[in-house]
1. Relative to the longest principal axis of the chain, what angle (0 to 90°, nearest 10) does the C-alpha long axis of helix 375-387 take?
2. If we count other beta carbons within 10 Å of each Cβ, what is the order of Thr101, Thr387, Thr82, Thr312, fewest first?
3. Near Asn72, within a Cβ-to-Cβ distance under 14 Å, what is the net charge of the other residues, with Lys and Arg +1 and Asp and Glu -1?
4. Suppose R0 equals 35 Å. What FRET efficiency, 1/(1 + (r/R0)^6) with r the Cβ-Cβ distance, do Ala193 and Phe37 give to the nearest 0.05?
5. Just to confirm a number: summing +1 for Lys and Arg and -1 for Asp and Glu over residues other than Ala202 whose beta-carbon lies under 14 angstrom from that of Ala202, what do you get?
6. From the residues Gly262, Thr38, His28, which one has its Cα farthest along the dipole of the chain in the positive direction, the dipole being from +1 and -1 charges on Cβ of Lys/Arg and Asp/Glu about the Cα centre?
7. What dipole magnitude, in Debye to the nearest 20, does segment 173-293 give about its Cα centre under +1 on Lys/Arg Cβ and -1 on Asp/Glu Cβ?
8. When a/c is below 1.5 the answer is rounded, else prolate if a/b is larger than b/c, else oblate, so apply that to segment 335-404 with a ≥ b ≥ c taken from the square roots of the Cα gyration tensor eigenvalues.
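Laboratory data are not the source of any read-out in this text; all were calculated from the coordinates shown. In this text the structure is predicted, and so the values were computed from the model without any measurement. Heads up, the Cβs are rebuilt from the backbone with ideal geometry, glycines too, and the neighbour counts pull from every protein chain shown.
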Amino acid sequence: MSDQPARRQLSLNLFINGVGHHEAAWRHPSTRVEELFTAGYHHELAQHAERAAFDAIFFADGPVLSPGIEFNSAAHLEPILTLASVAAVTTHIGLIATASTTFYDPYNLARLFATLDHLSGGRAGWNIVTTAASAAAANFGLDEHPDPSERYARAGEFVEVATRLWDSWQDDAVLADRATGRFADPSRIHPAAFRGEHLRVAGALNAPRPPQGHPVLVQAGASNEGRAFASRHAEAIFTAHQQLSDAQAFYSDIKAGVERYGRRPDQVKILPGISPFLGGTEAEARALEREFNELTVPEYGLRQLATLAEATFDVADLDRPVPLDVFADAGDVTDNNRSRRQVVAGIVRREQPTLRELLHRLAGARGHRVVAGTPEQVADTITEWFTHGAADGFNVMPPYLPGGIEAFTEHVVPLLRARGLFREGYTGTTLRDHLGLDRPVNRYATAPETEPALAGV
């Protein structure tokens, strides 16, 4: 047996967003928008990613209807239920769902993710969000949306409660002893017993500890508060960058933050988004990208940009340069409170595009890196970021589905494998196995005998 350490491997997720991440994908004849809300469509995508040994599939979500629904297929099925359906037709691929700490109750959500982890044999992941969309508040009976500081404070308590609930059953609490008639050992089941500023939970979860111990904790916030939260809690981080240098700065900052919290940097995977248009030549790939851009509806893009820029734009100005002062207050990578806005500000400063050109740049993946090129060029980009301290892997965001993921797995994945950067097949069964993450030790495994338990249950 070799004494050489195993070579570091890429993590690859398939980020499923309707019929693709390009805002006009639903209009393209290669997509199947008519199947968007069917189980079979999502089963097919997951099974394709599983055949390529991807770590996971991922669904974003938000508890509010997009105001751009007139021009974009911006309606989504609930992700946890969708992934439960996918779990029944897959065996290895991870299943990551977005859920909000602002609008869920921790007991309900901990139970949902525990159930998904049990039903899938240990493949669940939770993308933790606090929900930035202010319109969501009214959907839950609130007069106003909590400010970011309050949302993150609640989120911190929420994660503490959820992990307490998942730990409330020790791994050996279930006896299932037919001879003695004892199903469980109450001394190994513990109340969550949490009382904080925002949340209170009393009892234990009503289901045993999940197979992974805890579902994998994922986070995508890049603001100052988001980075601090991720450094403390996240095991995988989704992020958006246009340039290698910005991605390297983010990567370094997060890994240092993880160490400050006494955690191991190798136990946190940083996964930027990449949205590839692939062609036999670079010219063919760019022609395909233009084909999608020509299907965009400017009114939709202008609404999205207005929200991001906190400014108004006019269709009459589409072929005029974007004024540089629109993003003058966006800050830079050292001031992270307006992170996605900074990405767009960087595009405007570097490229000085017309308004139409900017809308096309954002149509592909909302500020994530869009690459139009040959499979070799896309593989080169992935390799460069992975080997130069910018990424532990990538959130693959095909501009159109299912064709975009089929092209990526058929033409890019073999190149990554030939370079020794991506697995030939699964070597484990859980999402933690795929990501190389440790199974968390139950907090009660070494607790003193006086730790309160559910005696008499």
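1. The answer is roughly 50 degrees.
2. Details: Thr101 26, Thr387 12, Thr82 22, Thr312 9.
Fewest-to-most ranking of Thr101, Thr387, Thr82, Thr312: Thr312, Thr387, Thr82, Thr101.
3. Counting the neighbours of Asn72, the net charge comes to 0.
4. Numbers: r = 41 Å, r/R0 = 1.18.
It comes out at approximately 0.25.
5. Numbers: positive: Arg164, Arg195, Arg200; negative: Asp105.
It works out to a net charge of +2.
6. Comparing the listed Cα positions along the dipole, Gly262 ranks first.
7. Working: 15 positive and 13 negative charges, 159 e Å.
Once rounded to the nearest 20, the dipole reads 760 debye.
8. Numbers: a/c = 1.81, a/b = 1.27, b/c = 1.43.
Taking the square roots of the gyration eigenvalues as a ≥ b ≥ c, segment 335-404 is oblate.
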